[in-house]
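Have a look at the structure below before the remarks.
What follows draws every value from the coordinates through simple rules; no lab data is involved. Note that this is a predicted model, so its numbers are computed, not measured.
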Amino acid sequence: MNRPDLDEVLWQAWKAMDVPEGYRAEIVEGAIEVWPTGCFRHAQVANRFWGALGTFLEDSEFGVWSVTNVIHKRQAWIPDAFLTLKDAEPCSDEEDMGVRAGSVHLVLEVVSPGTANQDRDRIRKRREYARAGIPVYVLIDDHDGQGAVTLFTEPRPEKADWDDIHRVPYGTDVTISEGPAKGFVIGEAITGPKRG
């Protein structure tokens, strides 16, 4: 008997899902995960990042995207923001369900409260973005001490890890050092002041 592999089964199930308004569904490390969209604080930080990076890139061929899928080998993620060409091509071989991870230069996740949410962004998505070879992963995390920004660069897809990890507490600026967003500063204008 010829049986489809698990990735294909998950892919078909994910495509067929009718997720209620206000929820997201992703395929992360071989599992479909569904959760509500973030709280106001989450959206506020993501929107500040999105707006500031959009302004930074205004005269370039690149743009900041949100609310769409990034696709890699039958995995599907919805980052809080990502950077690709303004005229990005959809994943034609994936039924135009999103953009190909290979065309993404940066992803942003803003960590939501709760252990499952924190594990997804800090661990599982960190590994997934490295496996996909996305050059820059920005993690803004209100729940790391009094708040921290971690910048992951130099992905090692074969190890599902990163060679360069730079973590700074809120109140300290961090500058993206490579790619189309090189020179973009993430500081209090995006994160707000230290939490606590």
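Taking every alpha-carbon pair under 8 Å whose residues sit at least 6 apart, region 38-191 reaches a relative contact order of 17 percent. Over region 117-196, the pair-distance histogram of Cα-Cα distances with 10 Å bins from zero comes to 20, 47, 31, 3 percent, rounded to whole numbers.
Report the full-extension gain for the segment GLN146 to ASP119: residue separation times 0.36 nm, less the Cα-Cα distance, to one decimal in nm. The partial results should precede the final answer.
Working: separation 27, 0.36 × 27 = 9.72 nm, distance 1.78 nm.
Separation in residues times 0.36 nm, less the Cα-Cα distance, equals 7.9 nm.
Per residue, the convex hull spanned by the alpha carbons of the chain comes to 123 Å³.
In this structure, the amide hydrogen of ALA81, modeled 1.01 Å from its nitrogen in the peptide plane, lies closer than 5 angstrom to those of LEU108, counting only residues at least 5 positions away or on a different chain. Listed values for region 49-59 are Karplus-derived 3J(HN,Hα) couplings in whole Hz (6.51 cos²θ - 1.76 cosθ + 1.60, θ = phi - 60°), namely 4, 4, x, 5, 5, x, 5, 4, 9, 3, 9, and x replaces Gly and Pro.
LYS73: which lysines have alpha carbons under 25 Å from its alpha carbon, excluding same-chain residues fewer than 8 sequence positions away? Result set, ordered by chain and number: LYS15, LYS86, LYS125, LYS159.
Region 1-84: D in µm²/s via Stokes-Einstein (Kirkwood Rh, Cα pairs, 37 °C, 0.692 mPa s)? Estimated via Stokes-Einstein, D reaches 224 µm²/s.
For region 54-150, what is the convex hull volume of its Cα atoms per residue in Å³?
Details: hull volume 9.7 nm³, N = 97.
Residue-normalised Cα hull volume stands at 100 Å³.
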